[in-house]
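Below is one structure, written out as structure tokens, with a few remarks after it.
The values are calculated or read from the model by the stated rules, or taken from the named source; none is laboratory data. All figures in this text were calculated on a predicted structure; none of them were measured in a lab. All Cβ positions, glycine included, derive from the backbone under ideal geometry; neighbour counts span all protein chains shown. The accessibility values were calculated without ligands, DNA or RNA, using every heavy atom of the protein model including side chains. Shrake-Rupley method; radii C 1.70, N 1.55, O 1.52, S 1.80 Å.
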Amino acid sequence: MVRFGRRVTVIENNTEGKLEIIVRLYPTLRILNRISIDSMRSTEVAATAFRYDASNPDRPPMIFVYIDGSSSTVTLTCQHFITYGKIIFARHPEGRLLVSGIKARWTDLGRIKGLWPYCWKKLPKQSTRDH
């Protein structure tokens with residue numbers, strides 16, 4: 001569930017298998033969040049879902065990517081999900097996992113839940129006077 005006022009990140013799975021993203025707290029590897037996306041589907045996730053507000057900055061969250069239950073060599077950080085508005089997972093013809101991202105822009109504000117009416121609000125007409 002995406003709450004009011006939070007920017008969302010679209011995660012798209014263009015692989016043949018089920019994509020699973022697991023957020024773990026390093027070095028304990030405790031699971032903080034788990035997201036599953038079926039093949040050829042996409043989902044919207046709050047960009048802040050990958051953050052961990054701890055008093056100890058030496059324990060950053062690590063984001064691991066699994067496809068069909070097997071681990072890939074891709075490890076991401078929470079900054080990837082905050083910086084990019086859309087993250088696409090696909091397969092290379094050689095079998096490697098490709099991760100590409102589309103940077104978030106000011107036009108992505110329309111995707112923040114509840115802010116759509118304010119982003120495209122019409123401005124009042126200015127009166128033109130002869131001086």
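Going by average Cβ neighbours within 10 Å, how do the peptides 59-69, 24-34 rank, with the highest at the top? Present the calculation step by step, with values, prior to reporting the outcome.
Values: 59-69: 15.5, 24-34: 12.6.
Highest to lowest by the protection proxy: 59-69, 24-34.
Return the FRET efficiency for the residue pair ASN14, ASP58: r is the Cβ-Cβ distance, R0 is 30 Å, and the value is rounded to the nearest 0.05. Don't skip to the answer; put the middle values down first.
Details: r = 35 Å, r/R0 = 1.18.
The value I calculate is 0.25.
Pulled fully out, how much extra length does the chain show between LEU25 and ILE102, if you take 0.36 nm times their separation in residues and subtract their Cα-Cα distance?
Length difference between fully extended and current span is 25.1 nm.
Could you pull the accessible area for LYS86 with a 1.4 Å probe, rounded to 10 Å²?
Ignoring ligands and nucleic acids, LYS86 comes out at about 60 Å².
If I model a spin label as a point 7 Å beyond the Cα along the Cα-Cβ vector, how far apart are those points for SER36 and ALA90 in nm?
2.6 nm
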